[in-house]
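Novice: Below is one structure. I have some questions about it.
The values are calculated or read from the model by the stated rules, or taken from the named source; none is laboratory data. Just so you know, these numbers come straight off a predicted model, no measurement behind them. Neighbour counts run over all protein chains shown; Cβ positions are idealised from the backbone, glycine included. Only protein heavy atoms, including side chains, enter the accessible area calculation; ligands, DNA and RNA are left aside. Shrake-Rupley method; radii C 1.70, N 1.55, O 1.52, S 1.80 Å.
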Amino acid sequence: MNTLRIWAVALVLGGCGDGEADRPPVSRLPHGDSSVSASTTEIVLEHQGRQLMTLPVSALLLGTVDSWQETASYDPYPIFAESAGNAVPAGLAWHAGRKLRVVEANDSRIELAVQHEGGLRSRLTLEPGPADTFNTLLVPDDSDAVVVFLGIGADVDAEEGLYGIGEVFDDVNHRGKLRAMQLELSDLESGYNEAHVPVPLVVGTRGWGMFVENPYPASFDLAQTTATRVQAVFGTADASSTGLRTHLLAAPHALDVTKRYYAVSGQPRLPGPWALGPWVWRDENDDQAQVEADLDTMRDLNLPTTAYWIDRPYATAVNTFDFAPAQFPDSDAMLAKMKSLGFRTALWHTPYLDEADAATEALRSEATTKGYYPPKNGLLFNKWGKPIDLTNPDAKAWWQSLIDKYVSRGVAGFKLDYAEDVVPNAFGATTGWEFSDGSTDRTMHSQFQRFYHETYAELLQDEDNFLICRGGTYGDQKNVSVVWPGDLDASFALHGELLKDDAGKSYKAVGGLPASIIAGLSLGPSGYPFYGADTGGYRHSPPDKEVFIRWFEQTALSSVMQIGTSSNDVAWEPTPKNGFDAEVLELYRRYTLLHLRLMPYLWTYAKRLSVDGRPLQRALGLAHPELGQHPNFDYLLGDHLLVAPVVKRGDRQRELTVPEGDYLSWWDTGLISGPGPATVDAPLDRLPLYLKAGGIVPLLRPSIETLSPTDDPQRVDSFATDVGLLYVRVAPGPESDFEVYDGTRLTQVTNAKTTDIGVDGGSVFSKGFVVELLLDAAPGTVEIDGKAAQKVDAGAVAGTESSFAFVNDPRPMVRVHLSAAAKTLRVTAS
């Protein structure tokens, strides 16, 4: 019988009493609107009297071995995945819990004695945490047994979806999957499993969460072995005696679980608001002339962009904290030009000093002399050498003083790459890392990322910057403002799809646009609400025309739109390989503008994260579990926009799942209704996008080019120079309201033929409004504060207060200009 089978059997074994007198069979600990109740066989989590899930005694696991091996990794994932080349520890045995006994129960604590198979024992304590959360700690009792694994699990509804777990590329619903919480060897083209941002948080669509706060290697069986069981196992090794801490999270809706997670692990870091506009970069910038030419071209062609980051190489070497004089002869002038034209500046960075370049010799000598490198290095997976040991406070302060050479010159963001050298397992053995704080690769496989990101985040304290990072872990959302997924394929490839490259060589794809969408939808409920893939892809670049168009259509309707490829493709540079043309450029302009105009809508949801914690991008099965479906590519952006990206080459129609209610096309008079499936047209120039009936979407003016400050307002239309009128697109429907981040209040109610809209400006948007009410025919009457509005030509509305026009732009709507003093708008259908 193989190891996985032994473990599965252990999970379902029950047990009899141990002869000790039982305490009362059920003890209950209420907290907020929730409670946990403990009996002899299980712990039940409830919210407002509704049972969410249970922790069965059989899911409390102790894993023992014959003897402690210092060099063994005790990584559980390869054991359960039965990975080739990974040795199972000698004498490995799993001891499922058999019975619970209440030792202590009061208003603030329940302590349980756990009897396990094989005569082993442990203690499990339950205590209230922040509102509607409960902290648990499983600690093995002292014994002669060598405990190196600890596990906890939940029995769940057999039909519910399972979300969270961090960044994945294959499915938004993890049901039936075995997930690793660390990088592992894989047959993907990258050589590893792409677990860059694993988060040990499971979210059930009934409204519960299970967050295991532990940095050791782990495996999550998400109803793979048993349809009703989620089982987490951590290789706690020589730290097993400190126990396994888990947080149980209860909420009225699955979308609210992340709020409970933030209360336990920390609020997410917001990027600067300007980061919600499009960013552009090249993989390998040629020189200063190329950068400045890009800046001028984007402004000359009216391509909305708020930031430009310079990828390597730009310094004399990695890292010399300068700009190479031969490549960037007047970097001050370049940085000044960026600011003048309304671009924020960002740089690619890593935590290494290039050991092959003499230019870093002085810095390397200082790092060596002062002990700024790790005491022991393991395997290295980068081109430049050992990382700086950022667990050392002195090394961290030194590195920050070097980074500040860029920050003090106006660099507002960093793309933090690599720093994934620390892995916990090499064919069953540890990889030999030791750090100045005493930690090893057993924990630093995840925690080094936190130290890395924190080093930069502490220098960027105001709300006017960003860090875009490749890796992360639980709690690191306090430092990381945006995640990007690393090197995806410049194609429509699915994750794990077997393909051939141009030379005919087979490879197993990391994944392209479909993988990117899934990654963003997985990160949101896992605590990382801002996600931006390389629009167009990276591996096997360049993207062709269709891939590029479909990709930027999708990222325009996402939290972050950053654009760049490994072959340095930009929309205004057609090549024989990428096939870009005038159509690509025009569509690129249209969708980057749409993304930039959505800033007040997106920033409102960003600011709401501290209140409700709900992801900006919401997988449809998470947002609407009542549908009983979990599509990978249908999602909501905020509450009101339904997005259905096209992810297959040649598709010009798209079937999507529609929640209950009516949804109006953003582009034409199309209407779809749910609940249920719908098939819609999806020509190459159009991403299926729908506004929910009653939905309200605030937008910036159509001429906007940037959110960043500019020194040349005559050339660049910047939000920082002039906030301007707030455009508000409204779909008539059930009574609704929307409060913009600055306090602007918008309301809507439609009865029979009349739609009433209320407006009340806030602290930022105080110059007036242009309301766009989606109607298929010209209105009968339009009244502002009870007085008839003036009918004008479509082009005159924005410049004429108390005016309206019926337009097709691109779909039929009535457009009405309300002054800052106006409060009500009534539109009556003809």
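Novice: In the stretch 712-749, how many residues are within 25 Å of TYR690 (Cα to Cα) and of a type in the set (Val, Ile, Thr)?
Specialist: Total meeting the criteria: 6.
Novice: Hey, another quick one. Output yes when any residue across the stretch 808-826 is in a loop (DSSP other than H, G, I, E, B), out of contact with any helix residue (DSSP H, G or I) (no Cβ under 8 Å at 6 or more places or on another chain) and among the β-branched types (Val, Ile, Thr), and no when none is.
Specialist: Looking through the stretch 808-826, none of the residues is in a loop (DSSP other than H, G, I, E, B), out of contact with any helix residue (DSSP H, G or I) (no Cβ under 8 Å at 6 or more places or on another chain) and among the β-branched types (Val, Ile, Thr).
Novice: Follow-up question, since we're still on this one. Can you pull out the residues in the stretch 548-588 that are under 22 Å from the mean Cα position of the chain (by Cα), in contact (Cβ under 8 Å) with a residue 60 or more places away in the chain and part of a helix (DSSP H, G or I)?
Specialist: Within the stretch 548-588, ARG550, GLU553, GLN554, ALA556 qualify.
Novice: Considering only the stretch 151-164, I want to know if a residue exists there that is out of contact with any His (no Cβ under 8 Å at 6 or more places or on another chain) and over 27 Å from ARG50 (Cα atoms).
Specialist: No, the stretch 151-164 contains no residue that is out of contact with any His (no Cβ under 8 Å at 6 or more places or on another chain) and over 27 Å from ARG50 (Cα atoms).
Novice: Considering only residues of the stretch 470-508 that are out of contact with any helix residue (DSSP H, G or I) (no Cβ under 8 Å at 6 or more places or on another chain) and assigned to a strand (DSSP E or B), which is nearest to TYR528 (Cα to Cα)?
Specialist: Per the criteria, the residue is LYS508.
Novice: On to the next question. Return yes when PRO675 is touching a helix residue (DSSP H, G or I) at 6+ places or on another chain (Cβ under 7 Å), part of a strand (DSSP E or B), open to solvent by 60 Å² or more (accessible area, probe 1.4 Å) and at pLDDT 95 or above and no when it is not.
Specialist: Taking the combined requirement at face value, the residue satisfies it.
Novice: Which of the residues belonging to the stretch 401-439 are surrounded by 23 or more Cβ atoms within 10 Å (Cβ to Cβ) and at positive phi?
Specialist: ALA419
Novice: On the given criteria, is ASP404 over 19 Å from the mean Cα position of the chain (by Cα) and modelled with pLDDT under 95?
Specialist: Spelling it out, it is not the case that ASP404 is over 19 Å from the mean Cα position of the chain (by Cα) and modelled with pLDDT under 95.
Novice: Still on this model: Inspect all residues belonging to the stretch 515-525 and state whether any of them is in contact (Cβ under 8 Å) with a residue 40 or more places away in the chain, open to solvent by less than 10 Å² (accessible area, probe 1.4 Å) and β-branched (Val, Ile, Thr).
Specialist: Checking the stretch 515-525: at least one residue is in contact (Cβ under 8 Å) with a residue 40 or more places away in the chain, open to solvent by less than 10 Å² (accessible area, probe 1.4 Å) and β-branched (Val, Ile, Thr).
Novice: Hey, another quick one. Identify, from the list ASP742, ASP756, ASP685, the residue that is out of contact with any Phe, Trp or Tyr (no Cβ under 7 Å at 6 or more places or on another chain), within 25 Å of LEU616 (Cα to Cα) and either touching a residue at least 60 places away in the same chain (Cβ under 8 Å) or part of a loop (DSSP other than H, G, I, E, B) (or both).
Specialist: One residue alone meets the criteria, ASP685.
Novice: In the stretch 440-469, how many are part of a loop (DSSP other than H, G, I, E, B) and open to solvent by less than 20 Å² (accessible area, probe 1.4 Å)?
Specialist: 2
Novice: Please enumerate the residues belonging to the stretch 788-830 that are among the hydroxyl-bearing types (Ser, Thr, Tyr) and within 16 Å of VAL759 (Cα to Cα).
Specialist: Hits for the stretch 788-830 are SER802, SER803, SER819, THR824.
Novice: Only one residue in ASP722, ASP717, ASP737, ASP712 is surrounded by 15 or more Cβ atoms within 10 Å (Cβ to Cβ) and either of a type outside the set (S, T, N, Q) or out of contact with any Pro (no Cβ under 9 Å at 6 or more places or on another chain) (or both), so which one is that?
Specialist: ASP717
Novice: Whether any residue in the stretch 58-76 is more than 25 Å from SER143 (Cα to Cα) and either modelled with pLDDT under 95 or open to solvent by less than 30 Å² (accessible area, probe 1.4 Å) (or both) is what I want to check.
Specialist: Among the residues of the stretch 58-76, not one is more than 25 Å from SER143 (Cα to Cα) and either modelled with pLDDT under 95 or open to solvent by less than 30 Å² (accessible area, probe 1.4 Å) (or both), which makes the answer no.
Novice: Starting from residues that are open to solvent by less than 10 Å² (accessible area, probe 1.4 Å) and in a strand (DSSP E or B), keep the ones in the stretch 188-208 and report whichever is nearest to GLY475 (Cα to Cα).
Specialist: VAL199
Novice: Also, quick follow-up: In the stretch 192-208, is there at least one residue being more than 19 Å from THR258 (Cα to Cα) and without any contact (Cβ under 8 Å) to a residue 24 or more places away in the chain?
Specialist: Looking through the stretch 192-208, at least one residue is more than 19 Å from THR258 (Cα to Cα) and without any contact (Cβ under 8 Å) to a residue 24 or more places away in the chain.
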